[in-house]
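Novice: First the structure, which I've put down as structure tokens, then a few questions once you've had a look.
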Amino acid sequence: MNKDTSELKQLINNCIRRHRASQKELYRRYYSYGLTVCLHYARNREEAEEILNDGFLKAFNKIHQYSHRSAFKSWLRKILIRSAIDYYRKYHLRSDRLDLDELPSTSEVENEAIHNLSMDDALALLQKLTPAYRMVFNLFVLEEYTHPEIAKMLNISVGTSKSNLSKARKKLKELALPYFHSDDNISNS
């Protein structure tokens with residue numbers, strides 16, 4: 001066991017005993033990682049921080065369930081995603097059901113275009129999606145859940161999950177157009 005692993009194990013054991021200083025240290029160590037995860041599911045930084053704090057609260061309440069056999073980041077990520085889902089259900093689910101109108105049609109953009117964006121630009125585009133589209137897109141694309149799993153987590157039909165993913169991709173392509181219609185991208189033949 002290396003020094004970092006044994007140090008993390010001790011820190012977690014102290015958190016199980018509810019040592020405030022250890023909880024603060026664990027939060028400090030994983031704040032950036034957790035915020036990055038939450039930003040994928042949030043509309044803005046403030047919402048992401050709310051999800052993050054709720055997730056850490058849940059993590060500290062369940063830290064005795066953590067098994068050192070798996071990576072702590074993976075365990076924490078699952079809790080943060082569940083917190084994002086809970087936040088979505090609490091604040092966005094009802095309003096999103098009323099906002100599932102068909103998006104206006106857009107010009108065709110290469111699928112690879114989204115992959116060429118900087119991480120900050122891609123995150124900004126994700127945050128422009130409605131909460132329903134963003135949630136399904138992230139669960140399917142980033143977390144690799146299936147549509148039946150997403151439907152069960154969000155209490156929606158499999159068809160709604162598929163539709164939201166399709167609409168999210170379409171909207172992301174539409175939002176990405178300005179990034180790819182500049183003079184820099186015109187090739188001189």
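Novice: How much accessible area does C38 have with a 1.4 Å probe, in Å² rounded to the nearest 10?
Specialist: Using a 1.4 Å probe on the heavy atoms, I get roughly 0 Å².
Novice: Let me ask you something else. Ignoring ligands, DNA and RNA, please state the percent of accessible area on segment 114-163 from carbon and sulfur, probe 1.4 Å.
Specialist: The nonpolar share, carbon plus sulfur, comes to 55 percent.
Novice: In Å², and per residue, what accessible area does segment 1-70 have when probed at 1.4 Å with the other protein chains present?
Specialist: For segment 1-70, the solvent-accessible area averages 62 Å² per residue.
Novice: Sum up the charges of everything whose Cβ sits under 9 Å from the Cβ of K128, counting Lys and Arg as +1 and Asp and Glu as -1, but leave K128 out.
Specialist: +3
Novice: I've got another one for you. Stokes-Einstein diffusion coefficient for segment 21-93 at 10 °C in a medium of 1.306 mPa s, Rh from the Kirkwood formula over Cα pairs: what value in µm²/s?
Specialist: 129 µm²/s
Novice: Still on this structure, I have one more. State the extension gain, in nm to one decimal, for the chain segment bounded by R69 and A21, taking 0.36 nm per residue of separation less the distance between their alpha-carbons.
Specialist: This chain segment gains 14.8 nm when fully extended.
Novice: Take the alpha carbon atoms of segment 13-64, find their center, do the same for segment 134-155, and report the distance between the two centers in whole angstrom.
Specialist: The two parts, judged by their Cα centres, are 22 Å apart.
Novice: Given a Förster distance of 30 angstrom, what is the FRET efficiency for K62 paired with E143, based on the Cβ-Cβ distance and rounded to 0.05?
Specialist: 0.95
The values are calculated or read from the model by the stated rules, or taken from the named source; none is laboratory data. What you see is a predicted model; the values in this text were computed from it and never measured. Every residue, glycine among them, receives a Cβ derived from its backbone with ideal geometry; neighbour counts consider all protein chains shown. Please note that ligands, DNA and RNA were not included when accessible areas were found on the heavy atoms of the full protein model with its side chains. Shrake-Rupley method; radii C 1.70, N 1.55, O 1.52, S 1.80 Å.
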